[in-house]
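Student: Here it is, the structure, as structure tokens.
The values are calculated or read from the model by the stated rules, or taken from the named source; none is laboratory data. All of these numbers come straight from a predicted model, not from anything done at the bench. All Cβ positions, glycine included, derive from the backbone under ideal geometry; neighbour counts span all protein chains shown. For accessibility, only protein heavy atoms count, side chains too; no ligands or nucleic acids. Shrake-Rupley method; radii C 1.70, N 1.55, O 1.52, S 1.80 Å.
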Amino acid sequence: MSTRTWSLDGRSPGWIWYGYVALVALFLMIPLVSLVIASFYDGRFFSIVDYQFTLGWYDAALTSGSVRGAFENTLLISIPVTILSTVIGTAAALAYTRYEFPYRETFKLVALLPIFFPLILLGLGMSIWASQINLGYGIVPSIVGELVWISPIVMFVVSITALGIDPNLEEAARDLGADTVTLYRKVLLPLVADGVISGAIFAFVLSWNNYYIVSYLSGPQSTITTWIHGRMTQGFTPVVPAVASLIFYVSILLVVGAAVIEYREPDDQA
């Protein structure tokens, strides 16, 4: 079967594909870019005609006690979620990709199931569950709720890397006398390290940006996304684009970092 790429007049249409992807990316990025532009506008109501640059709204955001509290609560949720979901997701990924056991495919489907639920329904279900078992609302329930959604995503990311490991490496390590702990510490984990780091970065970004789950479970504890939503329902203020832009800056830096790790050349991983 031929794998030749379709061509136009004998020439590769690669530029058409890349151009299409660039246009789609530009379309998706326009709202975010507009948000960033608005965050630097010196005025209460945005206007491109008499645009005046200012950093005042960022200063107001960073010196606001409510914003600082929201950022602190967000970190109190995101950091544990990142650590725990990375451990859980990595363990699940290695179990699925490296071992044969009964109902293996069923395990995969059940483990990945939360990814396919709308977040608003998942958050509502978690809220009802937390109420029924008297877990309450706050930082801890928010961590538990986000783990249900983010751990499967980490499992998926790490599995992509783990599936590329040659099983013969494990057999060779065991033939050389490596026990299970040594096998994981010196063979498997170093081989999946890039996937684990990428999974951890994505876990932090997803937790950092999450609204629906924490809005149901955080209770009186305001996170940065619930703070933005609360301020928007009370009436627009230019501080909101500045705070939202700060979230965007952190997220884009982490996503770029994950992409660099994921796509760097094999020679650079030594």
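Student: When you scan the range 16-53, how many residues do you find that are at pLDDT below 80 and of a type in the set (A, V, I, L, M, F, W, C)?
Tutor: Within the range 16-53, residues that are at pLDDT below 80 and of a type in the set (A, V, I, L, M, F, W, C) number 4.
Student: Suppose we filter the range 123-136 for residues that are out of contact with any Pro (no Cβ under 7 Å at 6 or more places or on another chain) and either open to solvent by 60 Å² or more (accessible area, probe 1.4 Å) or among the polar types (S, T, N, Q) (or both); how many remain?
Tutor: Here the count works out to 8.
Student: Can you tell me which condition TYR212 does not meet? The list is (1) among the hydroxyl-bearing types (Ser, Thr, Tyr); (2) open to solvent by 70 Å² or more (accessible area, probe 1.4 Å); (3) over 22 Å from the mean Cα position of the chain (by Cα), and all the others hold.
Tutor: Only one criterion is unmet by TYR212, namely (3).
Student: Suppose we keep only residues that are over 17 Å from the mean Cα position of the chain (by Cα) and of a type outside the set (A, V, I, L, M) within the range 72-97. Which one would you say is most open to solvent (accessible area, probe 1.4 Å)?
Tutor: GLU72
Student: Do we have LEU119 as modelled with pLDDT under 90 and open to solvent by 30 Å² or more (accessible area, probe 1.4 Å) here?
Tutor: Taking the combined requirement at face value, the residue satisfies it.
Student: Which count do you get for residues in the range 137-173 that are open to solvent by less than 20 Å² (accessible area, probe 1.4 Å) and at pLDDT 90 or above?
Tutor: Going through the range 137-173 one residue at a time, the tally reaches 12.
Student: Now, a different point. Restricted to the range 98-111, and to residues that are part of a helix (DSSP H, G or I) and open to solvent by less than 80 Å² (accessible area, probe 1.4 Å), which residue is nearest to ALA200 (Cα to Cα)?
Tutor: Once the filter is applied, the top-ranked residue is ALA111.
Student: What pairs come up if the first residue lies in the range 20-33 and is within 18 Å of SER251 (Cβ to Cβ), the second is surrounded by 11 or more Cβ atoms within 10 Å (Cβ to Cβ), and their beta carbons are under 8 Å apart, counting only those six or more places apart or on different chains?
Tutor: Qualifying pairs under 8 Å: LEU32/PHE248.
Student: Could I ask something else about it? Could you name every one of the helices (runs of 4 or more DSSP H) located completely within the range 117-212 that has at least 3 residues being over 24 Å from THR82 (Cβ atoms)?
Tutor: 119-132, 167-175, 180-183
Student: Give me the pairs, please: first residue somewhere in the range 238-262 and closer than 28 Å to SER64 by Cβ, second residue anywhere and hydroxyl-bearing (Ser, Thr, Tyr) and in a helix (DSSP H, G or I), beta-carbon distance under 6 Å, and either six or more positions apart or on two chains.
Tutor: PRO241/SER39; ALA242/SER39; ALA242/TYR58; SER245/SER39
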